[in-house]
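First comes the structure, then the notes that go with it.
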Amino acid sequence: MSTLNHQPALSGVSAGRKVKDRVVQVLVYVAFLLALIPLISVLWTVISKGLKRFDPEFFTHSMNGIGANDAGGGAYHAIIGTVEQVLLASVIAIPIGVLTAVYLVEYGRDSRLAKVVSFFVDVMTGLPSIVAGLFVLAFWLLLLGFSFSGFAGAMALSILMMPTVVRAAEEMLKLVPNDLREASFALGVPRWRTICFVVLPTAFTGIITGIMLAIARVMGETAPLLLTVFVTSAINNSPFQGPQMALPLYIFDQAGRPNDAAINRAWAAALTLIVLIMLLNLVARLIARLRKPVSR
Amino acid sequence: MTSDTLEQGATGALGGRGRRLGTGRMGDRLFGISTRGSAIVLLLIIAAIAVFLIAKAVPALKADKANFLTSQEWNPDAAEPRFGILQLAFGTLMSSLMALIIATPVAIGIALFIAFYSPRRLASGLGYVVDLLAAVPSVVYGLWGLQFFVPKMASVANFLHDDFGWIPLFGGDSVGGQSLLTAAVVLAIMILPIISSISREVFLQVPQANVEAALALGATRWEVIRMAVLPFGRSGMVSAAMLGLGRALGETIAVAMVLSTAAGISLHILRPGGNTFAANIANTFGMAGNMGRGALIASGLVLFVITLIVNMLARAIVARRKEFV
């Protein structure tokens, strides 16, 4: 694939250089294939082993009254918990995240505060999830004296969601053409109405995509929930009272039990979780693709 | 909707300092304040994380009868609490650095493949495939690691031990699958997508003129990469690797599930054992009493500080590069 071969006036590429070029090409291809091995292996094992218990009972029953070595049981309570916790986390994180992005793009632009916030949003992106859990533990549970609950977990998850939402919304707001804003200002529309009814609707689909990816990201978090939601085997519909369950916690809990029935439940839960996350990813990408220029 | 009905909560305390925006109407004031307030709330959360972790860690640290930094014990709930982080710090750094050594070359290879070798039309699709690795939750990696990968690594460990046992790292007796090396490989898989996607972005920013100039001089594809792409992308790759390191340092559940924890520091990376900050928190939290929780929070604080430094350095490198370009 060397690019000079067709020029007869010059002597061709020397053998040594050709060999080096080829070796690197092979290495680069191998690197890509290496990445595919774990991906395919993980997906294959999860699908093949997860299907064993991917039955109606799994989705309609909790683990209440299921003995340590019994088969049967399901993840209904965990699915309820995950949905409630993730929704609560979204309710907390999305307004703060989107408004912060609006500040960074529309108001802050180069102010000192905006720079500091932008820097710390980056730092927050790298916050280990367990530290978010420890924070809620130290603040909400130990200091304020509340007990384990789905809401405590939701707070930890919302901390992990915020930076992702801010970044996604910020990118999208930056893409909104300035002409739109100026046209609106020229008509005498106040700034906040311009933002709410011109800028945000224009960026809407992009922001939704970012939010869904953020949700998909926190949905699989286990560590913070372990410290804040704890585990339970019974159905608890209230995220504000008593320990709940969540799908990742369920996987962790079942995987730690040394019998095949539990391991199979763990795989089925893993399959459920991956399907949920992939669906969110897929829908997010579809929305991003369907995105059309706004027309009035 | 009149302008006054917009009540976006947030801190109302900032009052009169808001800039005179547009017509200076109430709605503008409120909206400006609420966006600014959200930004400040975000900063407060970061500050609160540091403050409350410290507040809960200090009593435990005061009660600690052993040296927190150099002790290898972990008995915070004993009548005489003794705990230290030396072993945790060693296991965390060791597994993360090994993961980095494994992941970085592969990730950069992937980035080069997608940016320069793959067919143009497939590039974004292939990037998406690699990003799928990031979509798999860590608990699923943990389950996969425990059930599928550990037995495989056990035979690898035996092979390395039998044939290369003279290398100190591969020495020691009773090697097995639930070792630091296995944890490092799982971590490497998990940080691959972040390193490769950031490197890929950097590679795509390489000025086309540089690439074409190198081609015009008769460079082969590798020579183009070596002369035009890698020098341009060096700082980007370094910061990508550091962000990956930050991710590996804080990874919890996968490590907690794969590693069989054992006391003591050992350089024999094939032996089951070792422990990390995050895995220790996840594994011992359930049984921890009051002092135990304080001790875990103290160790979490150390992890927080380490990842904070790593991430800040990575961002600083990126920021400096932006000024030059």
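The values are calculated or read from the model by the stated rules, or taken from the named source; none is laboratory data. This structure is a prediction, so every number in the text was calculated from the model and none was measured. Note: accessible area is taken over every heavy atom of the protein model, side chains too, but ligands, DNA and RNA are not part of it. Shrake-Rupley method; radii C 1.70, N 1.55, O 1.52, S 1.80 Å.
Taking chain A as a Gaussian network of alpha-carbon nodes connected by springs under 10 Å, the highest mean-square fluctuation of the residues A:S118, A:S184, A:S14 belongs to A:S14.
The Stokes-Einstein estimate for the protein assembly as shown, based on a Kirkwood radius over Cα pairs and taken at 37 °C with 0.692 mPa s viscosity, is a diffusion coefficient of 125 µm²/s. Carbon and sulfur atoms: what percent of the 1.4 Å accessible area of region A:59-290 do they account for? The computed percentage sits at 66. With the Cα gyration tensor of chain A giving a ≥ b ≥ c as the square roots of its eigenvalues, does the rule (a/c under 1.5 for rounded; else a/b larger than b/c for prolate; else oblate) give rounded, prolate or oblate? It comes out oblate by the Cα gyration axes. Contact order for region B:82-324, expressed relative to its length and based on alpha carbon pairs under 8 Å spaced 6+ residues apart, stands at 30 percent.
Using a 1.4 angstrom probe on the protein heavy atoms only, could you order A:T202, B:T182 from most to least accessible area?
On the way: A:T202 25, B:T182 0 Å².
The ranking, largest first, comes out as A:T202, B:T182.
Mind checking Rg over Rh on region B:195-307, alpha carbons, Kirkwood formula for Rh?
Over the Cα atoms of region B:195-307, Rg/Rh equals 1.24.
Applying the Kirkwood pairwise sum to the alpha-carbon positions of region B:62-117 produces a hydrodynamic radius of 13.9 angstrom. Both chains summed, the buried accessible area for B and A stands near 7800 Å², from protein heavy atoms and a 1.4 Å probe. In plain terms, the bigger the Kirkwood radius, the slower the diffusion; for region B:170-232, with that radius from Cα pairs, at 4 °C and 1.567 mPa s, Stokes-Einstein puts D at 88 µm²/s. Computed over region B:82-324, the quotient of the alpha carbon radius of gyration and 2.2 N^0.38 Å is 1.14. Working note: Karplus 6.51/-1.76/1.60 with θ = phi - 60° gives region A:163-171 the couplings x, 5, 5, 4, 4, 5, 5, 4, 4 Hz, where Gly and Pro are set to x. Taking each DSSP H run with n ≥ 4 as -39500 (n - 2.57) and averaging over every residue of chain A yields -22000 deg cm²/dmol at 222 nm.
Note on region B:54-183: Cα Rg divided by 2.2 N^0.38 Å, N the number of residues, gives 1.49.
By definition, a body whose alpha carbon gyration tensor gives a ≥ b ≥ c is oblate when a/c is 1.5 or more and a/b is not larger than b/c, and region B:270-325 fits this oblate description.
Applying 0.36 nm per residue to the separation of B:A78 and B:R121 and subtracting their alpha-carbon distance, the gain on full extension is 9.2 nm. Ranking of B:S155, A:S48 by solvent-accessible surface, largest first: B:S155, A:S48 (1.4 Å probe, protein heavy atoms only, all chains present).
Can you compute the helix-only [θ] at 222 nm over chain B? Use -39500 (n - 2.57) per DSSP H run of at least 4 residues, normalise by all residues, nearest 500 deg cm²/dmol. Write out the running numbers ahead of the final one.
Numbers: 12 runs with 208 residues, N = 325.
Computed ellipticity for chain B at 222 nm equals -21500 deg cm²/dmol.
Result for chain B in a Gaussian network model with C-alpha springs under 10 Å: among B:G32, B:G233, B:G246, the largest mean-square fluctuation is at B:G32. Over the C-alpha trace of region A:36-186, radius of gyration and Dmax come out as 21.5, 72 angstrom. Taking a ≥ b ≥ c as the square roots of the eigenvalues of the Cα gyration tensor, region B:201-248 is classed as prolate, since a/c reaches at least 1.5 and a/b is larger than b/c.
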